[in-house]
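The values are calculated or read from the model by the stated rules, or taken from the named source; none is laboratory data. What you are looking at is a predicted structure, and each value in this text was computed from that prediction instead of being measured. Glycine gets a Cβ as well: all are built from the backbone with ideal geometry, and neighbour counts include every protein chain shown. Note: accessible area is taken over every heavy atom of the protein model, side chains too, but ligands, DNA and RNA are not part of it. Shrake-Rupley method; radii C 1.70, N 1.55, O 1.52, S 1.80 Å.
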Amino acid sequence: MNNTAASPMSAASSSGRSTGKSVSFTAELQSMMFSLGDARRPLHETAVLVEDVVHTQLINLLQQAAEVSQLRGARVISAEDLLFLMRKDKKKLRRLLKYMFFRDYKSKIVKGIDEDDLLEDKLSGSNNVNKRQKIAQDFLNSIDQTGELLAMFEDDEIDEVKQERMERAERQTRVMDSAQYAEFCESRHLSFSKKGSKFRDWLDCGSMEIKPNVIAMEILAYLAYETVAQLVDLALLVRQDMVTKAGDPFSHAISATFIQYHNSAESTAACGVEAHSDAIQPSHIREAIRRYGHKIGPLSPFTSAYRRNGMAFLAC
């Protein structure tokens, strides 16, 4: 996959955002960011920037998926096109496969299928199991020459990223009262997939010649949420790094963004306005993207094969 997207700073011009200006997920994103580790009241300007980043990345991903779909002579963008684009990143592909299984699991439970029968079908590889998982399994089988991709269906490896998010959520809730915890739980249930029609309008799917089908839209909604989650993960690391460490001569040598952030904070404090120091700032997001794109430290563990001209894709 060409694992880059246009810069988020030019999102409005490069992604066609202007066509969907009336559709915004800013309010929902603020709640999502809170549930993922940001302050209880995330900054509006930070949520706007996150929305631009996610929107830009999803539009670029859709364009690449449409190209793949065209090459194989299909009339719609399907799960196969997105799986093909994600095939090189085993960790994120494994995470997506687990998501697809649990989507099927949830569907079967809602329809009243016995849980034991569902797990038995999964283990036996029955054709009646999980339609999403079967689509993924059949497609990966058709392109897997080494067995690495199919092996992921049997892999029960602990997802360290998900584990870290759960631990962070547990630490957040320790200091919450009942009202805050209720708000937190409600925020945890938010997703792009629960607002399907709005999500389609946000991506301007109606104007596309080759449109994504239902399962492709589920995957796109999942990837959109994962992009938000990863932005929060990385921004929290950046914020931690931006705290001056006593005795460290390099503690300020991070980037121009660091200097800009502190100058801005000092100016705000001088004007008597609250600096919202506990909330993720737009500068944290920009610095996280800069580090991710330039493979600084642990933030971008990918090879140069994943880069093109712009910003690296965060979710896949």
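Some points to look at:
- Of the criteria (1) over 16 Å from Val214 (Cα atoms); (2) open to solvent by 10 Å² or more (accessible area, probe 1.4 Å), which one Val50 fails: (2)
- Residue check, Phe153 in contact with a Phe, Trp or Tyr (Cβ under 6 Å, 6 or more places away or on another chain), among the hydrophobic types (A, V, I, L, M, F, W, C) and over 14 Å from Ser35 (Cα atoms): no
- Among (1) touching a strand residue (DSSP E or B) at 6+ places or on another chain (Cβ under 9 Å); (2) open to solvent by 10 Å² or more (accessible area, probe 1.4 Å); (3) not hydroxyl-bearing (Ser, Thr, Tyr) - the single one Leu97 does not satisfy: (1)
- When segment 132-163 is filtered for residues that are in a helix (DSSP H, G or I), touching a residue at least 40 places away in the same chain (Cβ under 8 Å) and of a type in the set (D, E, K, R), the ones remaining, listed by number, are Arg132, Glu148, Lys162.
To keep it simple, each residue is scored yes or no on (1) farther than 16 Å from Ala221 by Cβ; (2) at pLDDT 95 or above; (3) charged (D, E, K, R).
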| residue | (1), (2), (3) |
| --- | --- |
| Ala11 | yes, no, no |
| Ser15 | yes, no, no |
| Gly20 | no, no, no |
| Gln30 | yes, yes, no |
| Leu49 | yes, yes, no |
| Val54 | no, yes, no |
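- Across segment 164-175, a minimum of one residue is classified as closer than 18 Å to Lys91 by Cα and in contact (Cβ under 8 Å) with a residue 40 or more places away in the chain.
- When restricted to residues that are free of Cβ contacts under 8 Å to residues at least 60 places away in the same chain and open to solvent by 50 Å² or more (accessible area, probe 1.4 Å), segment 176-189 contains 6.
- Ser197 passes every criterion in (1) open to solvent by 50 Å² or more (accessible area, probe 1.4 Å); (2) farther than 24 Å from Arg103 by Cβ apart from (2).
- The one condition in (1) within 17 Å of the chain's Cα centre (by Cα); (2) farther than 21 Å from Phe25 by Cα; (3) open to solvent by 10 Å² or more (accessible area, probe 1.4 Å) that Gly73 fails to fulfil: (1)
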